[in-house]
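The values are calculated or read from the model by the stated rules, or taken from the named source; none is laboratory data. Computed from a predicted model, the values in this text were never measured in an experiment. Positions of Cβ are generated from backbone atoms using ideal geometry, with glycine treated the same way; all protein chains shown enter the neighbour counts.
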Amino acid sequence: MRVRIIPLVVLAAFSAAAFAEQTETPAPNGAEMPLALYQKLKGHFDVLYGAQAAMLPGMEPLNRGEVEKALRTDAAANKDALFKALGSSQAIHREMAARALEYCGDKKGAVEVLGKTLAADADSSVRRAAAAALAKLPDAAAVEPLIKGLTDSADSVRGICATALGNIKDNRASEPLLRVLTGDAKPIVRMQAATALAKIKDKATLDALGKALENEKDERVKMAIAGAVRKLMGGDSEKTEPIPSAEEAAGELANLAKEMKEVEEKLRNDRHDQAVQVQGVGIEQKLAELIKKLDKG
């Protein structure tokens, strides 16, 4: 037994060493931001995004406005270091730089480098930070990299890219967002795409939104699509029948789906009598009426 165990132990040791080598952090390449700057920026973000919970009892909460002002000052004063850090071999430095560039005061320069980072960085956390910064710096120059980001392997990146495109409100994003709405596997990403389309308000997407509403299975996404259709049509009008709200549209669709399931069950049981046919026609009419209401403006 002892002879058999030794090779296994040696093999395990080699495997552990190989794993450690594969997951080891890359060596610095000289593009990292100074440690003092990294720590200062991290401190600002910790306060702005909820890390004040670690404060000692009795301490006064820091003023968020003052903290953001300090963050903008530090980011602007170290803008060149932030641009350089996007080329660091350390993902943590690239991510911090991408987050801080939102506050650097050079929107044109930041949008350009963040777009390149979003399109090319190998780390999903860095791409996510770049997309989030671009969402806060809406600019037409970012449309192309954000559209590319809609196909990112990370669903969080795809969703933030959709949100950013909605903030920019450029019609070039309409078709790519529709593809996300009808094809993405994650409901939350489809919902973000629908919300973005509601902000863009491209009338040419109305028919596609109606079809997406018919085919969508997730109730939350249905509500978002119905809300987008509603916004495209300008909401309720005194001269027309009120457009159903997102909740009403989702409820009607749920009821129709239930009726459709009943008809399918009857047909599977070889029931083709007139009553079943009438029920099926009735469902089609109700669905057509719902789409008609949503199409009204």
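Close contacts from segment 116-129, counting a first residue that is assigned by TED's automatic domain parsing to the domain that holds Ile160 and under 14 Å from Ser88 (Cα atoms) and a second that is basic (Lys, Arg) and assigned to a helix (DSSP H, G or I), with Cβ to Cβ under 6 Å and a gap of 6+ residues or different chains, come to Asp121/Arg127; Val126/Arg94. Going by what's in this entry, would Ala208 be described as among the small types (Gly, Ala, Ser), buried (at least 20 other Cβ atoms within 10 Å of the Cβ) and either modelled with pLDDT under 95 or part of a helix (DSSP H, G or I) (or both)? Spelling it out, it is not the case that Ala208 is among the small types (Gly, Ala, Ser), buried (at least 20 other Cβ atoms within 10 Å of the Cβ) and either modelled with pLDDT under 95 or part of a helix (DSSP H, G or I) (or both).
Residues that are among the polar types (S, T, N, Q) and buried (at least 16 other Cβ atoms within 10 Å of the Cβ) within segment 148-181 comprise Ser156, Thr163, Asn167, Ser174, listed in sequence order. Pairs are defined by a Cβ separation below 9 Å, a sequence spacing of at least 6 or placement on different chains, a first member in segment 194-223 that is at positive phi, and a second member that is buried (at least 20 other Cβ atoms within 10 Å of the Cβ); the pairs so defined are Lys201/Ala228; Lys201/Leu232. State which residue is modelled with the lowest pLDDT when the search covers only segment 15-33 and only residues that are out of contact with any helix residue (DSSP H, G or I) (no Cβ under 7 Å at 6 or more places or on another chain) and surrounded by 10 or more Cβ atoms within 10 Å (Cβ to Cβ). Only one residue tops the list, namely Phe19.
Counting just the residues of segment 134-147 that are of a type in the set (Gly, Ala, Ser) and over 13 Å from Ala119 (Cα atoms), which one comes out surrounded by the most Cβ atoms within 10 Å (Cβ to Cβ)? Per the criteria, the residue is Ala135. Quick one: is Ala131 farther than 19 Å from Gln39 by Cβ, within 24 Å of the chain's Cα centre (by Cα) and in a helix (DSSP H, G or I)? So Ala131 fits the description; yes. Among all residues of segment 106-115, there is at least one that is in a helix (DSSP H, G or I) and within 14 Å of Val157 (Cβ to Cβ).
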